[in-house]
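Chemist: The structure's right below; bear with me while I get my questions together.
The values are calculated or read from the model by the stated rules, or taken from the named source; none is laboratory data. Bear in mind that the values here come from a model prediction, so they are computed numbers and not experimental data. Please note: Cβ atoms are built from the backbone with ideal geometry, for glycine as well, and neighbour counts cover all protein chains shown. In case anyone asks, the SASA skips ligands and DNA or RNA and just uses the protein heavy atoms, side chains included. Shrake-Rupley method; radii C 1.70, N 1.55, O 1.52, S 1.80 Å.
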Amino acid sequence: MKKTILKKPKGFIDVYKHKAGAEKDRTHYCPGCGHGILHKLIAEAMEDLDIVDDTILISPVGCSVFAYYYFDTGNFQAAHGRAPAVATATSRANPDKVVISYQGDGDLAAIGGNNIIQAANRGENIVVFFVNNAIYGMTGGQMAPTTLEGQVTTTTPYGRNTDTDGYPMKMCEVISQFTAPTYVERVSLHDAPHIRKTRAAVRKALQNAKERKGFQFVEVLSTCPSGWKMDPVKSMEWVKEKMLPLYPLGVYRDKGDEARVINRPVPIMEPATVWEKLGISADADVDFPRGDVPEQYKKMSIRVAGFGGQGIMVTGQALASVALEYGYNVSWLPSYGPEMRGGTANCSVNIQDGVIGAAEAVKPTMLLAMNRPSLEKFEESVVPGGTLIYNSTLIDIEPTRTDIKVFAIPITGMADELGNTRVQSLVNIGAYAAITGAFRVEDIVSLLPKLFKGKKQAIIDLNAKAVKAGFDFVKENF
Amino acid sequence: MADAKYPRSEVNLDKCKGCGLCIAACPKKVLVFSSKLNSKGYHYAEYTGTGCVGCGNCFYNCPEPDAITVYLRNYDPEKEV
């Protein structure tokens, strides 16, 4: 139906209820801001294409961070420059939706430079509206990658110097280098005829998106009267005189009929389905009945620390894996250097009923120190009344704390006696079982084939001996 | 003979920020700054009352979603639902 009235499009929310402050009937944009013009074109196109309820808009960081105040669509607000990445995920998870990444030049070309390049190269099924006003507006008018040569900004007070600041980035030219994008056009908002062309480009991009035809990129030359320190009408003239010669308008890519719908696998979003695919039951699968665990060992936050290669990670994983079989909630968080062996390594394990908050054992209830630097570094962090297990084979100093329980165990020595230093991890588990009463030796041993899946039976048997040795040592000596 | 009331551009004066883009875009020069101020302290734009051809330039040049409404050439108040 032909329009008889031009009025606030239905793509906008009636009253901007999400907007802070009292002025819920107008935008936060400065007088004459190009964002408002483009917002109106997008809102109108969404209404006319009947996609308002099927659109998810990703708002960036910049003045348009508050785009969600105005558009009556779904919305995610992304970290600076990451809108194309968030749009990618949104689009992949919701392949039937129109996903818009609305970004400014600082956001898109500087901070998110790589994000947009990768999204374009993958041909994600998203629409990017790139508002190029040659400046960082929201932050107070600093130089952006698109700032013109000689342009004065707060960070280029003598004008942009290409020798020190590089050259203005031409994003349409960059994006059109890739094979995947469907439609790439640069338009401008500097006068009424060009706004009509922008309107057509916006509609084309959204129409393509509605048909799921891949990556649409519309660069819109816009104004920042406040950042440029010009009145709005002069700003429009400045776009025409200064920006147009540098940023040629036109269609840089239009695949037209060649554009095709790409059906990508939709990620599984439902936890229950994920568990099913992994063969895990969502119900607590308690295999072992719990023993009589003293109160102080019911909620454990454990730090295991030592050299890389001492089985630190295996100890932590085994603790968590065994505890899981008793129906506890567990977490395991490793922390290590880039080297596989020889560096320092530690991990945090939480074993408790109820929700586990922070996974890192910042204030552990138990420290298992496998070498001297670990004892020195972490001893102070143990909570009063907590437990310290240390490897007395390698640690030749005495712990200084008197308000914690201390168990000196020659872990490395015992493992050596068993014939393989590497079984010290399971000596640790045996010792833990004896101290806390949380695990039974026979339960741990029955889990070893699962923990050491694919290992030879001899290795499994040796580890079973190690568990027993650790358990017995504690029972006999403490 | 069409009703002289239409086509017509209508400025919602309290939503106008006085940027002047509609005035610059009007081919018939029938929009002007008001000598009065609105509640936000802007000299808002207003229609002189005659001469609008309903081109819609002011609507599309206006950055504010709800500051300008344009009743186009084909607008007929009696046919509106």
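Chemist: What does the net charge come to around A:Thr73 if you take all other residues with beta carbon closer than 15 Å to its beta carbon, with K and R at +1 and D and E at -1?
Modeler: -4
Chemist: What FRET efficiency do you get for A:Lys2 and A:Val152 if R0 is 51 Å and r is their Cβ-Cβ distance, rounded to the nearest 0.05?
Modeler: 0.65
Chemist: How much net charge surrounds A:Tyr247 when only the other residues with a Cβ under 15 Å from the Cβ of A:Tyr247 are counted, with Lys and Arg +1 and Asp and Glu -1?
Modeler: 0
Chemist: Follow-up question, since we're still on this one. For the stretch B:20-71, which whole-number percentage of the solvent-accessible area (1.4 Å probe, protein heavy atoms only) is attributable to carbon and sulfur atoms?
Modeler: 55
Chemist: Still on this model: Top to bottom by accessible area (1.4 Å), largest first, where do A:Asp191, A:Asp96 land?
Modeler: A:Asp96, A:Asp191
Chemist: At 1.4 Å probe radius, can you tell me the per residue accessible area of chain B in Å²?
Modeler: 52
Chemist: Over the stretch B:20-71, what is the relative contact order in percent, taking alpha-carbon pairs closer than 8 angstrom and at least six residues apart?
Modeler: Averaging sequence separation for qualifying contacts and normalising by length gives 36 percent for the stretch B:20-71.
Chemist: Same structure again: Go through the stretch A:81-159 and name the chymotrypsin sites (Phe, Trp or Tyr not before Pro) that are in a DSSP coil and have 14 or fewer other Cβ atoms within 10 Å of their Cβ.
Modeler: Sparse-neighbourhood loop chymotrypsin sites (Phe, Trp or Tyr not before Pro): A:Tyr158.
Chemist: Can I ask one more? So how strong a dipole does chain A carry about its Cα centre when Lys and Arg Cβ are +1 and Asp and Glu Cβ are -1, to the nearest 20 debye?
Modeler: 1300
Chemist: A follow-up question, please. Run the dipole for the stretch B:6-81 about the Cα centre, Lys and Arg Cβ at +1, Asp and Glu Cβ at -1, nothing else charged, and hand back the magnitude in debye, nearest 20.
Modeler: It works out to roughly 280 debye.
Chemist: Charges at C-beta only: +1 for Lys and Arg, -1 for Asp and Glu. How large is the resulting dipole of the stretch A:284-477 about its Cα centre, in Debye rounded to 20?
Modeler: Result for the stretch A:284-477 is approximately 360 debye, rounded to the nearest 20.
Chemist: Within 10 Å of each Cβ of B:69-80, how many other protein chain Cβ atoms are there on average?
Modeler: Per residue, the average neighbour count from other chains is 3.
Chemist: Here's another thing I want to ask about it. Pairs of Cα atoms under 8 Å, at least six residues apart: use those to get the relative contact order of the stretch A:284-477, whole percent.
Modeler: 21
Chemist: Which value at 222 nm does the protein assembly as shown reach when only helices count, each DSSP H run of 4 or more adding -39,500 (n - 2.57), with the total divided by all residues and rounded to the nearest 500 deg cm²/dmol?
Modeler: Roughly -9000 deg cm²/dmol at 222 nm, from the helical runs in the protein assembly as shown.
Chemist: Percent antiparallel among DSSP beta bridges with both residues in the protein assembly as shown, to the nearest 5?
Modeler: Beta bridges within the protein assembly as shown, antiparallel portion: roughly 45 percent.
Chemist: Keeping all protein chains in the complex and leaving out DNA, RNA and ligands, what accessible area do you get for A:Met138 with a 1.4 Å probe, in Å² to the nearest 10?
Modeler: 100
Chemist: Rounded if a/c is under 1.5, else prolate if a/b is larger than b/c, else oblate: which is the protein assembly as shown, with a ≥ b ≥ c the root eigenvalues of its Cα gyration tensor?
Modeler: Cα axes put the protein assembly as shown in the prolate bin.
Chemist: Here's something else I'd like to know. Suppose R0 equals 22 Å. What FRET efficiency, 1/(1 + (r/R0)^6) with r the Cβ-Cβ distance, do A:Ser446 and A:Ala408 give to the nearest 0.05?
Modeler: Efficiency, rounded to the nearest 0.05: 0.15.
Chemist: Separate question: Would you mind checking the pairs A:Lys7/B:Lys79; A:Lys17/A:Lys234; A:Lys210/A:Lys255; A:Lys204/B:Lys5; A:Lys3/B:Lys5; A:Lys170/A:Lys229 and listing those with alpha carbons more than 25 angstrom apart?
Modeler: Correct reply: A:Lys17/A:Lys234; A:Lys204/B:Lys5.
Chemist: Still on this model: Under 12 Å from the Cβ of A:Val220, count the other residues' Cβ atoms, weight Lys and Arg +1, Asp and Glu -1, and hand me the total.
Modeler: 0
Chemist: Report the calculated FRET efficiency for A:Val383 and A:Lys456 (r = Cβ-Cβ distance, R0 = 41 Å), to the nearest 0.05.
Modeler: 0.50
Chemist: Could you work out how far the C-alpha centroid of the stretch A:366-427 sits from that of the stretch A:434-452, in angstrom?
Modeler: The stretch A:366-427 and the stretch A:434-452 have Cα centres separated by 20 Å.
Chemist: Still on this structure, I have one more. What is the average number of partner chain Cβ atoms found within 10 Å of a Cβ in A:6-19?
Modeler: 3
Chemist: Out of the total accessible area of the stretch A:1-104 (probe 1.4 Å, heavy atoms of protein only), what percent is carbon and sulfur?
Modeler: Of all accessible area on the stretch A:1-104, carbon and sulfur atoms account for 55 percent.
Chemist: If you don't mind, another one. Would you mind classifying the stretch A:284-477 by shape? Square roots of the alpha carbon gyration tensor eigenvalues, ordered a ≥ b ≥ c; an a/c under 1.5 is rounded, otherwise it is prolate if a/b is larger than b/c and oblate if not.
Modeler: Because its axes are fairly even, with a/c under 1.5, the stretch A:284-477 counts as rounded.
Chemist: Give the distance, in whole Å, between the Cα centre of the stretch B:15-60 and the Cα centre of the stretch A:249-297.
Modeler: 54
Chemist: Leaving out ligands, DNA and RNA, calculate the buried accessible area for the pair B and A with a 1.4 Å probe, summed over both sides, in Å² to the nearest 100.
Modeler: 2700
Chemist: Relative to the isolated chain, which residues of the stretch B:6-53 have their accessible area cut by 50 Å² or more in the presence of all protein chains (1.4 Å probe, heavy atoms, no ligands or nucleic acids)?
Modeler: So the qualifying set is B:Lys15, B:Lys17, B:Cys19, B:Leu21, B:Lys40.
Chemist: Along the charge dipole of chain A, Cβ charges K/R +1 and D/E -1, which of A:Ser222, A:Val445, A:Gly308 sits furthest on the positive end?
Modeler: Comparing the listed Cα positions along the dipole, A:Ser222 ranks first.
Chemist: Taking the solvent-accessible surface of protein heavy atoms with a 1.4 Å probe, what is the per residue accessible area of the stretch A:34-258 in Å²?
Modeler: On a per-residue basis, 37 Å².
Chemist: How much of the accessible area of the stretch A:284-477, in percent, comes from carbon and sulfur atoms when a 1.4 Å probe is used?
Modeler: Ligands and nucleic acids excluded, carbon and sulfur give 54 percent.
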